[in-house]
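Notes follow the structure.
What follows is calculated from the coordinates using simple rules that are stated; it is not laboratory data. From a predicted model like this one, the values you see are computed outputs, not experimental measurements. A quick note on method: Cβ atoms are made from the backbone with ideal geometry, for glycine too, and the neighbour counts reach across all protein chains shown.
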Amino acid sequence: MEQRDSEAAPPTLGVGMVGYAFMGAAHSQGWRTAGRVFDLPMRPVLAAIGGRDAAAVRAAAVKHGWAAAETDWRDLVTRDDVQLVDICTPGDSHAEIAVAALEAGKHVLCEKPLANSVAEAETMVAAAELARERGQLAMVGFNYRRVPAIAYARRLIADGRLGTLRHVRFTYLQDWLVDPDFPLTWRLEREHAGSGALGDLGAHIVDLAQYLAGEPLVGVSALSETFVRERPLLAGASAGLSASGGVERGAVTVDDAALFTGRLASGALASFEATRMASGRKNALRLEINGELGSLAFDLERLNELSFHDHTEPAASSGFRRILVTEPEHPYLEAWWPPGHALGYEHTFAHQARDLVEAIATGTDPAPSFADGLQVQRVLAAVEESAEKNAVFTPVPTAPQASAQASAQTSVQAQV
Ligand SMILES: NC(=O)c1ccc[n+]([C@@H]2O[C@H](COP(=O)([O-])OP(=O)(O)OC[C@H]3O[C@@H](n4cnc5c(N)ncnc54)[C@H](O)[C@@H]3O)[C@@H](O)[C@H]2O)c1
């Protein structure tokens, strides 16, 4: 790593990012901001941005503050001034770019879902394990773990404030596909996206359920549906959730909505709903977790608030209370604004950058790891398999090292 002139300056960490649209902009914001808000042991440098269209990638470099632009990601991942490759492309390119970057000796941050299939995710985990022996780290971009209220919820659960968990309940509702004339972007094509609302939104809530509960899902029962089966072909490029369509139509090859129930290793029951067809709901990631000692509830559309019910308090005066998660004692808040001066969606990307930089500087394994991403992928695959069989309960294969999970799974299978 190159050293700054001043003796006191931290070493730099050159970042190379592939993809420059929605997540490209959000991650740029994170890389630009993290070192200016948090005291980081390394200073992220926006070294190079990659994309396929030369003019567009140069414009993105200027707009988002990247020093150089590349039109082939292969050239980006081998640059000497890049130590970390940040993958912000659709799922169909995650595995190829991540494996090449790891083989080139780089750390990797990869957007979610980790891959488009379990097989690809397994390849990525194998590459990450080999790279780990050389001191390289790999992390998946499940940024909602970095919402302070969610990180604080995890702390309360880990501290035992909810006791034994009984229910985890998640919905992730958006409405940008309600219009049947919304065009056929990559998010609606299986070869690019892997799956639809399931991989796009369901991946986030599966990760959050397993993160917050601290245990894996061992089986699922699912239904899914594609309500609009043909859409206008794209006219021009799409970015994020914006696109315009032409006259010709093409087939939608992914789900519009997925509903599933599941069982966690401990026996707690889980329910999930992921849809881009919930009119009026823009980014409504909601959760409620009930334990024998209390409950937590959260809504991403009010992301500075966490609801907590302590069931050990006298019934007459107990009830859900609203915690405004903006105190310096709350996760990530020590470096931001005075209490009550709220944070938003974009801050999760600065938190993600901070956590990864700290992990790299200290040689600590970051979370969520590629193995965590693979576990989510296994759940998504089990959901698809179950939905194909009209909701037949489908076990989620567990990682070989997780013997406790395996025995829990066996007991679940025995009950079905
Ligand atoms: N964490 C979150 O909250 C969140 C939100 C949205 C999307 N995502 C994930 O981020 C990833 C990207 O989604 P997005 O919304 O930014 O998509 P997008 O369509 O806005 O941008 C995709 C970018 O990748 C580029 N690209 C596509 N294929 C490429 C290839 N083969 N080589 C080089 N560049 C290529 C495109 O030119 C574009 O710049 C996906 O995995 C998606 O699931 C995560």
Practice item. Within segment 266-305, report the trypsin sites (Lys or Arg not before Pro) that DSSP leaves as loop and that have at most 13 other Cβ atoms within 10 Å. Key: K282
Review point. Let a ≥ b ≥ c be the square roots of the eigenvalues of the Cα gyration tensor of segment 89-240; is it rounded (a/c under 1.5), or, if not, prolate (a/b larger than b/c) or oblate?
Key: oblate
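If contacts are Cα pairs under 8 angstrom and at least 6 residues apart, what is the relative contact order of the chain in percent?
Reported relative contact order: 19 percent.
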Study note, to complete from the structure: Given unit charges at Cβ for Lys, Arg (+) and Asp, Glu (-), the dipole magnitude of segment 12-144 about its Cα centre in debye, nearest 20, is 540
Review point. Considering every pair of different Cα atoms, what Kirkwood radius, in Å, is found for segment 12-144?
Key: 14.6
Study note, to complete from the structure: Those trypsin sites (Lys or Arg not before Pro) from segment 85-159 that are DSSP loop and have at most 11 other Cβ neighbours within 10 Å turn out to be R134
Review point. How many nm is it between the label spots at T261 and L293, if each spot is 7 Å from the Cα in line with the beta carbon?
Key: 2.8
Check your understanding: Counting only DSSP beta bridges with both residues in the chain, what percent are antiparallel, rounded to the nearest 5?
Key -> 60
Exercise for review: Output the relative contact order of segment 12-144, whole-number percent, from Cα pairs under 8 angstrom with separation of 6+ residues.
Suggested key: 22
Exercise for review: Starting from the exponent 0.38 and prefactor 2.2 Å, build the expected Rg for the chain from its residue count and divide its actual Cα Rg by it.
Suggested key: 0.98
Practice item. Mind jotting down a quarter of the surface of the convex hull over the alpha carbons of segment 208-264, in square nanometres, one decimal? Key: 5.6
Point to revise | Hz values of 3J(HN,Hα) by residue in segment 243-255 - Karplus curve (6.51, -1.76, 1.60), Gly and Pro given as x | key: 6, 10, x, x, 8, 5, 10, x, 7, 7, 10, 10, 6
Point to revise | Potential lengthening between A237 and T71 on full extension [0.36 nm per residue; Cα-Cα distance subtracted] | key: 58.1 nm
Review point. Given +1 on the Cβ of Lys and Arg, -1 on the Cβ of Asp and Glu, and no further charges, what dipole in debye does the chain carry about its Cα centre, rounded to the nearest 20?
Key: 560
Review point. How much net charge surrounds Q136 when only other residues with a Cβ under 13 Å from its Cβ are counted (Lys, Arg +1; Asp, Glu -1)?
Key: -1
Exercise for review: Highest first, please rank the peptides 24-32, 326-334 by the mean number of other Cβ atoms sitting within 10 Å of their residues.
Suggested key: 24-32, 326-334
Point to revise | Alpha carbon centroid spacing (whole Å) that separates segment 299-340 from segment 17-90 | key: 34
Review point. If you average the sequence gap of Cα pairs under 8 Å that are 6 or more apart and divide by the length of segment 198-278, what percent do you get for the contact order?
Key: 35
